[in-house]
């Protein structure tokens, strides 16, 4: 999650009008606006690899993959997010904001991992059409897929290089190696050192 701005108690309508004239991206969570922070090259490469695979696979299907520049509205939570990648099958939808997703992909970083796993996933689960939530670690080659198994149940599967995951929500088999194509894990992460207690 980014930094909270001095715009607390804002309505969804006020946020959407304000956001439409901003030069940077900002998420709207429960009445507060949060500035989005930039991503590192590994994060961008991993997200791009998944987006390209989904876009090619979905061509002509009536569903579309979107990268991190399209907003996703969770109406039940009155919140708006910019997922790293998501798939929606909405027809005749608003060109700037979508209202449901079949699949959401978030690329984890040390600063957002807890939020993406916890509160954000809680918001996403309120989307009626969401079937799968894919979390991709970009600091070690590990992928986690949460699949809806009932009204309030989600099953978790983990994948590592050499394996393929089946995204049932879109009918795509995706090799983990393809997700991490051109990602060098031997390079420094660029993350600040953690304090040792």
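The values are calculated or read from the model by the stated rules, or taken from the named source; none is laboratory data. Quantities reported herein were computed from a predicted structural model and do not represent experimental measurements. Quick reminder, even Gly has a Cβ in these numbers, built from the backbone with ideal geometry, and neighbours come from all protein chains shown.
Of the residues making up the range 154-164, those that are in a loop (DSSP other than H, G, I, E, B) and at negative phi are 160, 161, 163. More than 20 Å from residue 51 (Cβ to Cβ) and at pLDDT below 95 - does that describe any residue in the range 161-179? No, the range 161-179 has no match at all.
Look at the range 172-183: where a residue is on the phi > 0 side of the Ramachandran plot and a partner is assigned to a helix (DSSP H, G or I), sitting 6+ places away or on another chain with Cβ atoms under 7 Å, you get 182/45. Taking the range 120-136 as the range and being in contact with a helix residue (DSSP H, G or I) (Cβ under 8 Å, 6 or more places away or on another chain) and within 23 Å of residue 110 (Cβ to Cβ) as the test, the residues that pass are 123, 133, 134, 135, 136. A single member of 87, 74, 105, 50 is farther than 27 Å from residue 180 by Cα and surrounded by 21 or more Cβ atoms within 10 Å (Cβ to Cβ), and it is 74.
Taken residue by residue, the range 78-88 has at least one member that is in contact (Cβ under 8 Å) with a residue 40 or more places away in the chain and at positive phi.
Per the conditions (1) buried (at least 17 other Cβ atoms within 10 Å of the Cβ); (2) assigned to a helix (DSSP H, G or I); (3) in contact (Cβ under 8 Å) with a residue 60 or more places away in the chain, the sole criterion not satisfied by residue 115 is (1). Within the range 88-95, is even one residue outside the structural domain of residue 22 (by TED's automatic domain parsing) and in contact with a helix residue (DSSP H, G or I) (Cβ under 8 Å, 6 or more places away or on another chain)? No: the range 88-95 contains no residue that is outside the structural domain of residue 22 (by TED's automatic domain parsing) and in contact with a helix residue (DSSP H, G or I) (Cβ under 8 Å, 6 or more places away or on another chain). Can you go through 151, 140 and tell me which one is assigned to a loop (DSSP other than H, G, I, E, B), assigned by TED's automatic domain parsing to the domain that holds residue 109 and under 24 Å from residue 41 (Cβ atoms)? Answer to the check: 140. When you check residue 128 against the structure, is it in contact (Cβ under 8 Å) with a residue 24 or more places away in the chain, more than 11 Å from the chain's Cα centre (by Cα) and not in a strand (DSSP E or B), yes or no? In short, yes. Could you identify the single residue in 87, 39, 46 that is closer than 20 Å to residue 130 by Cα and in contact with a strand residue (DSSP E or B) (Cβ under 9 Å, 6 or more places away or on another chain)? So the residue among 87, 39, 46 that is closer than 20 Å to residue 130 by Cα and in contact with a strand residue (DSSP E or B) (Cβ under 9 Å, 6 or more places away or on another chain) is 87. Pairing each residue of the range 20-35 that is free of Cβ contacts under 8 Å to residues at least 24 places away in the same chain with any residue that is in a strand (DSSP E or B), provided the two are 6+ apart or on different chains, yields C-beta distances under 9 Å for 24/35.
Looking across the range 46-66, just one residue is within 14 Å of the chain's Cα centre (by Cα) and more than 29 Å from residue 77 (Cα to Cα), and that is 49. Scanning the range 9-44 for residues that are part of a helix (DSSP H, G or I), surrounded by 19 or more Cβ atoms within 10 Å (Cβ to Cβ) and within 17 Å of the chain's Cα centre (by Cα) yields 42, 43.
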